[in-house]
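The structure under discussion appears below in the form of structure tokens.
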Amino acid sequence: MSFVLAAASLPKAPALTSGMYICFLELITKGSHLSSHVTTLWHKTGIIKKEPCSMKSWPQNLKLHCKVKDFGPRCEERKRKYVMNAASEKSNEYEIQDQDKKNSLGSLLNALHVFFKFIRPIATLSLLLGASLTTLTAVEKFSDLSPAYFTGLLQVLVVASCMQIFMAGLNQLYDVEIDKINKPYLPLISGELSFKNGVIIVASSFIVGHLFPLIIGSWPLFWSFVFSSSLAIAYCADLPLLRWKRYSALTALNYVTDLAGVKPLGFFLHMQTYVFKRPVTFSRPLLFCMAMSSVFAIIIAIFKDIPDMEGDEKFGIKSLSSHLGQKRVFWICVSLLQTAYGGAIFMGALSPFIWVKIVMGLGHGILASLVWHYAKSVDLKSNPAIQSFYVFIWKLFTIEYFLIPLFR
């Protein structure tokens, strides 16, 4: 019902049309007409000189007495001409076929490129990798890495993909006017993707995301998609009591609930209860995952609005950046990152395993140093520089997913 309300408020767009053509040539000849035509032609050109012809004992014997001129070099020249013409026609036909194949391949690659831009590639890759590594928090022993685990992992990736496509696509469909100012490079704004096709992509991901878990019988995946898609609608949809993105606190709450609660819990419980058939328990790696994801969710929710202040202010979105300014919000995010890494080092030090102490301490220490070094060099007056640091935060989030399963 929530999706229906969301879709009802979207504007319409004209449909795309396409066409194709087929060309063919057919030649039908009959023996009598062909021989008559050839004979007449050769007579006119002087190649054949008519002589008396006689037929004897028809149909047992048929003789045609003709005197044919010596063709000589002229004949060879004609043969070569005809052979060259035939070869040229076949060559052109093959070239056209090759060109059609190249055009079809080029169109397919371009469509995939546009689709990839539409689903926000950096965030998509980070979340899919995160979903994969989050499933490792349910692994208790090496024998758990069985074919059943990898089947369960593929199931998680299908649902996680639908989550990201729905969230990213729905946000762009509702933010067309804002993105004309903030992100003119997005495919809906640049014209690479029509609004109608965008709606089709989003609706398809919504349907598949609900049906797939029901088909395989995984309730954790089903409810995780229900809650995740509901949060996406609450965040994006311009409906009464919704469009939480207009308020910083609700934006942060939305991100924390989704990235640090719904997704990791859903993926973990799918592996724990559906794949491994174990009772519900919350492991130390899962709790560590949820804690670190909460901090990154808050940072991403706050930081993403820094380069978008112009469009947000014009359309009444009250981001933290518009209240405190870009510089203060930037350093708040950097401080939160450093605090998170300090907490991770402390939690690693409490582990009973020496190798966990080393990995957590060394890994997060290096990341904290990189953040501090990069932050000092960012030009806060340059939106591209700020956007680059935002992408850097997503990369740090991805790296953190590699460290999370190692925490024991």
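The values are calculated or read from the model by the stated rules, or taken from the named source; none is laboratory data. Quick caveat, the model's predicted, so the values are computed rather than measured. Glycine also receives a Cβ, built like all others from the backbone with ideal geometry; neighbour counts cover every protein chain displayed.
Does at least one position in region 194-211 carry a residue that is outside any helix (DSSP H, G or I) and buried (at least 19 other Cβ atoms within 10 Å of the Cβ)? Checked against the condition, which is being outside any helix (DSSP H, G or I) and buried (at least 19 other Cβ atoms within 10 Å of the Cβ), region 194-211 yields no hits at all. The combined condition, being without any contact (Cβ under 8 Å) to a residue 60 or more places away in the chain, within 24 Å of LEU157 (Cβ to Cβ), of a type in the set (A, V, I, L, M, F, W, C) and part of a helix (DSSP H, G or I), is fulfilled by ALA260.
Region 141-192 holds helices (runs of 4 or more DSSP H) entirely within its bounds, and those carrying 3 or more residues that are under 13 Å from ALA131 (Cα atoms) and either more than 16 Å from the chain's Cα centre (by Cα) or among the β-branched types (Val, Ile, Thr) (or both) map to 147-174. The residues of region 342-398 that are touching a Leu at 6+ places or on another chain (Cβ under 7 Å), hydrophobic (A, V, I, L, M, F, W, C) and either within 20 Å of LEU127 (Cα to Cα) or exposed (fewer than 13 other Cβ atoms within 10 Å of the Cβ) (or both), listed by number, are LEU367, LEU396. Is at least one residue of region 232-250 within 19 Å of GLN387 (Cβ to Cβ) and modelled with pLDDT of 90 or more? No, region 232-250 has no match at all. Only one entry in LEU221, LEU286 is aliphatic (A, V, I, L, M), modelled with pLDDT of 95 or more and crowded, with 20+ Cβ neighbours inside 10 Å, namely LEU221.
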